[in-house]
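Student: For reference, the structure I am asking about is given below.
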Amino acid sequence: MADNTDVIVNPKEDIVDPWTVQSSSDKGVDYEKLIEKFGSMRISDDLIKRMERVTGKPVHHFIRRGIFFSHRELEMILEKYENKQPFYLYTGRGPSSEAMHLGHLIPFICTQWLQETFEVPLVIQMTDDEKYLWKDDIKDPDQTYKLAYENAKDIIACGFDMNKTFIFSDIDYISGCPEFYKNICRIEKHVTFNQVKAIFGFNESSNIGQVSFPAIQAAPSFSSSFPLIFGGHTRVPCLIPCAIDQDPYFRMTRDVAPKLKFLKPALLHSVFFPALQGAKGKMSSSDPTSSIFLTDTQKEIEDKINKYAYSGGGATLEEHRKKGGDLDTDVSYQYLRFFLEDDAKLERLGREYKAGTLATGDLKKELIAVLQKIVGDHQAKREMVTKETVKQYMTPRRLNYTFIL
Ligand code: TRP
């Protein structure tokens with residue numbers, strides 16, 4: 001995901017691509033405009049209802065609250081599921097640093113819920129090649145290769161079903177699976193430099209690994225890249241949950257798919273998790289005060305929220321009581337929307353904060369308790385993930401899933 005390597009000061013328009021997320025407003029990116037620009041669809045209330053009808057359970061609060069807000073062809077996936085036809089999930093992570101933060105968990109939490117709800121196979125791509133190609137401070141692919149295995153522990157801690165999940169490092173899998181590499185070559189042959197230039201903004205100074213990398217992120221969208229899982233079936237539909245900055249990769253993928261007689265992948269897009277300092281940017285792994293890390297202690301969580309979480313409350317308690325707080329810019333409230341599951345409590349906190357009867361300090365106290373529990377639980381689960389467990393998830397193998405096309 002983008003981690004603000006290029007920071008443009010006060011851009012006139014929002015900038016959203018896989019490397020930059022910069023908003024022109026305090027409220028963060030204008031997602032309505034983004035949907036229009038990217039040509040995706042908003043997840044409508046009707047679609048949510050349909051999802052609940054088809055699965056027989058309420059949707060995850062990320063979907064209910066519009067944290068996953070946009071999609072491409074989600075109806076097609078639901079239709080397959082209704083007709084008892086198979087599909088699979090695909091998501092990924094660029095292992096650029098050991099320090100994963102709360103924002104990195106969002107797509108994985110949603111993906112875990114989808115896997116549990118639909119009981120389908122999942123592939124997770126660790127783009128150790130991508131991060132080597134893009135990060136100036138990373139001098140050797142061995143570094144990102146190691147990070148892929150480290151980060152896999154945090155991903156596994158999200159609770160994926162081992163019998164239905166394959167996690168792979170690109171470096172391993174490209175050298176180990178000819179079917180994957182053949183699909184990469186097929187994609188490379190059918191996408192021109194002009195096309196990637198237009199989609200990703202590459203130019204004559206981009207290194208040649210960057211120029212061809214989109215084919216590597218595209219390939220797992222096609223079931224024939226995983227012969228052990230799909231037994232050579234080339235047209236098992238794929239659903240990709242991701243933050244919306246990854247959409248350019250999959251626009252390209254959807255463009256090239258018919259040329260290869262493959263299916264276009266469906267997508268589910270999330271908003272960005274705001275930095276502690278406010279929604280203008282996204283969190284950065286290189287700035288420890290911008291985010292809550294999965295390794296932070298209980299005390300660090302408390303201190304960071306108290307010190308850095310941008311407040312949409314009044315400047316003084318008196319003013320706050322009079323005018324109330326601004327929920328759209330208040331980071332503590334925004335974080336609670338992500339992590340406080342209890343709808344009734346969230347509604348109450350929001351109402352009282354907006355009215356000025358709940359003070360910023362008290363809202364922060366609620367958030368601190370919620371985050372301390374989530375991060376504490378995550379750390380305990382990660383602790384249980386051994387090298388052996390990682391190896392099991394990362395070994396190419398048949399998964400526990402039988403399907404009839
Ligand atoms: N490029 C993504 C990142 O930097 C990693 C990634 C690879 C990914 N494949 C994906 C993310 C599929 C979402 C879906 O984080």
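Student: So who's got an amide H within less than 5 Å of the one on residue 275, skipping anything under 5 residues away but keeping other chains? H placed 1.01 Å off N, in plane.
Tutor: Close amide H contacts, sequence-distant or interchain: 281, 283.
Student: I would also like to ask the following. Please work out how much length the chain gains when fully extended from residue 397 to residue 117, using 0.36 nm per residue of separation minus the C-alpha to C-alpha distance, in nm with one decimal.
Tutor: Details: separation 280, 0.36 × 280 = 100.80 nm, distance 2.25 nm.
That pair, residue 397 and residue 117, stretches by 98.5 nm at full extension.
Student: Shifting gears a bit: Report in % the part of the accessible area of the range 74-129 that belongs to carbon and sulfur, leaving out ligands and nucleic acids; probe 1.4 Å.
Tutor: Values: 610 of 1540 Å².
The computed percentage sits at 40.
Student: To the nearest 20 debye, what is the magnitude of the charge dipole of the range 151-224 about its Cα centre, counting +1 on the Cβ of each Lys and Arg and -1 on the Cβ of each Asp and Glu? Don't jump to the answer; show the numbers that get you there.
Tutor: Working: 6 positive and 7 negative charges, 39 e Å.
Roughly 180 debye for the range 151-224.
Student: When you have a sec, figure out the Kirkwood radius of the range 1-131 from all distinct Cα pair distances and drop it here in Å to one decimal?
Tutor: Numbers: mean 1/r = 0.0594 Å⁻¹.
Here the Kirkwood hydrodynamic radius works out to 16.8 Å.
Student: Once you treat every alpha carbon in the range 252-345 as an equal point and sum by Debye, what is log10 I(q)/I(0) at q = 0.10, 0.13, 0.15, 0.23 Å⁻¹?
Tutor: At q = 0.10, 0.13, 0.15, 0.23 Å⁻¹ the computed log10 ratios are -0.43, -0.62, -0.73, -1.21.
Student: Continuing with the same structure: On a 0 to 90° scale, report how tilted helix 102-118 is relative to the longest principal axis of the chain, with both axes built from alpha carbons and the result rounded to the nearest 10.
Tutor: The answer is roughly 60 degrees.
Student: Using only the heavy atoms of the protein chains and a 1.4 Å probe, how would 335, 31 rank by accessible area, largest first? Show your work: numbers first, answer last.
Tutor: Details: 335 0, 31 45 Å².
These residues rank, largest area first, as 31, 335.
Student: A further question follows. Evaluate E = 1/(1 + (r/R0)^6) for residue 54 and residue 24, where r is the Cβ-Cβ distance and R0 equals 30 Å; express this FRET efficiency to the nearest 0.05.
Tutor: Values: r = 38 Å, r/R0 = 1.28.
With R0 = 30 Å, the Cβ-Cβ based efficiency is 0.20.
Student: Another question, then. In debye, nearest 20, what is the charge dipole magnitude of the range 240-329 about its Cα centre with +1 on Lys and Arg Cβ and -1 on Asp and Glu Cβ, if you could check? Before the final figure, lay out the partial values.
Tutor: On the way: 13 positive and 12 negative charges, 111 e Å.
About 540 debye.
Student: Any chance you could tell me what percent of the C-alpha pair distances in the range 363-405 go past 16 Å?
Tutor: Details: 565 of 903 pairs.
When all Cα pairs of the range 363-405 are counted, 63 percent exceed 16 Å.
Student: Quick one: with all protein chains in place, what share of the accessible area of the range 289-405 is carbon or sulfur, to the nearest percent (1.4 Å probe)?
Tutor: Carbon and sulfur atoms account for 52 percent of the accessible area of the range 289-405.
Student: Taking the Cα centre of the chain as origin, work out the dipole magnitude from +1 charges on Lys and Arg Cβ and -1 charges on Asp and Glu Cβ, in debye rounded to 20. Don't skip to the answer; put the middle values down first.
Tutor: On the way: 53 positive and 57 negative charges, 211 e Å.
Roughly 1020 debye for the chain.
Student: With point charges of +1 on the Cβ of Lys and Arg and -1 on the Cβ of Asp and Glu, referenced to the Cα centre of the range 68-205, which listed residue (99, 145, 71) lies farthest in the positive direction of the dipole?
Tutor: The residue sitting farthest along the positive end of the dipole is 71.
Student: Between residue 36 and residue 315, what is the label-point separation in nm under the 7 Å Cα-to-beta-carbon projection?
Tutor: Result: 3.5 nm between the two label points.
Student: Given the range 265-405, what whole percent of its Cα pairs are spread farther than 26 Å? Mind dumping the intermediate values first?
Tutor: Details: 3836 of 9870 pairs.
Counting pairs separated by more than 26 Å, the tail of P(r) holds 39 percent.
Student: At 1.4 Å probe size, with every protein chain present, just tell me what the per residue accessible area of the chain comes to in Å². Could the numbers behind the result be given before it?
Tutor: Details: 18210 Å² over 405 residues.
Value for the chain: 45 Å² per residue.
Student: Another question, then. Work out Dmax and Rg for the range 103-146 from the C-alpha atoms and quote the Rg first, both in angstrom.
Tutor: 14.4, 41
Student: So what J values fall out for the range 323-335 if you push phi through Karplus, 6.51 cos²θ - 1.76 cosθ + 1.60 with θ = phi - 60°, rounded to Hz, Gly and Pro as x?
Tutor: Values, residue by residue: 9, x, x, 9, 5, 5, 9, 6, 5, 4, 5, 4, 5 Hz.
Student: How much accessible area does residue 295 have with a 1.4 Å probe, in Å² rounded to the nearest 10?
Tutor: Its accessible surface works out to 110 Å², give or take rounding.
Student: Which part of the range 137-153 falls in the paramagnetic zone of residue 388, meaning amide N under 11 Å from the point 7 Å along Cα-to-beta-carbon?
Tutor: Counting only backbone N, you get no residues.
Student: Going 7 Å from the Cα of residue 79 in the Cα-to-Cβ direction, what parts of the range 47-72 have a backbone nitrogen less than 18 Å from that spot?
Tutor: 47-55, 71-72
Student: Would you mind calculating the gained length between residue 99 and residue 261 on full extension (0.36 nm times residue separation, minus the Cα-Cα distance), in nm to one decimal? Walk me through the numbers on the way to the answer.
Tutor: Numbers: separation 162, 0.36 × 162 = 58.32 nm, distance 3.97 nm.
Between residue 99 and residue 261, full extension yields 54.3 nm more.
Student: Rounded to whole Å, give me the distance from the Cα center of the range 270-321 to that of the range 370-405.
Tutor: The two parts, judged by their Cα centres, are 28 Å apart.
Student: Would you report the distance distribution of C-alpha pairs in the range 186-311 as whole percents per 5 angstrom bin, up to the bin with the largest distance?
Tutor: 2, 9, 16, 14, 13, 12, 11, 10, 8, 4, 1
Student: Normalised by the residues of the chain, what does the relative contact order come to in percent, with Cα pairs under 8 Å and at least six apart? Kindly include the intermediate steps, with their values, before the conclusion.
Tutor: Numbers: 681 pairs, mean separation 81.1, N = 405.
It comes to 20 percent, rounded to a whole number.
Student: Along its principal axes, what span do the Cα atoms of the chain show, with the longest given first and each in whole Å?
Tutor: Projected onto its principal axes, the Cα set of the chain covers 66, 51, 44 Å.
Student: In whole angstrom, note down how far apart the Cα centers of the range 70-138 and the range 230-245 are.
Tutor: When both Cα centres are located, 9 Å separates them.
Student: What are the ³J(HN,Hα) couplings of the range 53-62, residue after residue, when phi is run through the Karplus curve with 6.51, -1.76, 1.60 and θ = phi - 60°? Round to Hz, x for glycine and proline.
Tutor: Whole-Hz 3J(HN,Hα) from phi for the range 53-62: 5, 5, 8, x, 8, x, 6, 4, 4, 4.
Student: When the Karplus curve 6.51 cos²θ - 1.76 cosθ + 1.60 is applied with θ = phi - 60°, which whole-Hz ³J(HN,Hα) does each residue of the range 289-294 get, with x for Gly and Pro?
Tutor: Rounded to whole hertz, the list is 8, 8, 7, 9, 8, 5.
The values are calculated or read from the model by the stated rules, or taken from the named source; none is laboratory data. Given the structure is predicted, the values throughout are model-derived calculations rather than measurements. Positions of Cβ are generated from backbone atoms using ideal geometry, with glycine treated the same way; all protein chains shown enter the neighbour counts. Ligands, DNA and RNA are stripped out before the accessible areas are found, and what is left, the full protein with its side chains, is counted by its heavy atoms. Shrake-Rupley method; radii C 1.70, N 1.55, O 1.52, S 1.80 Å.
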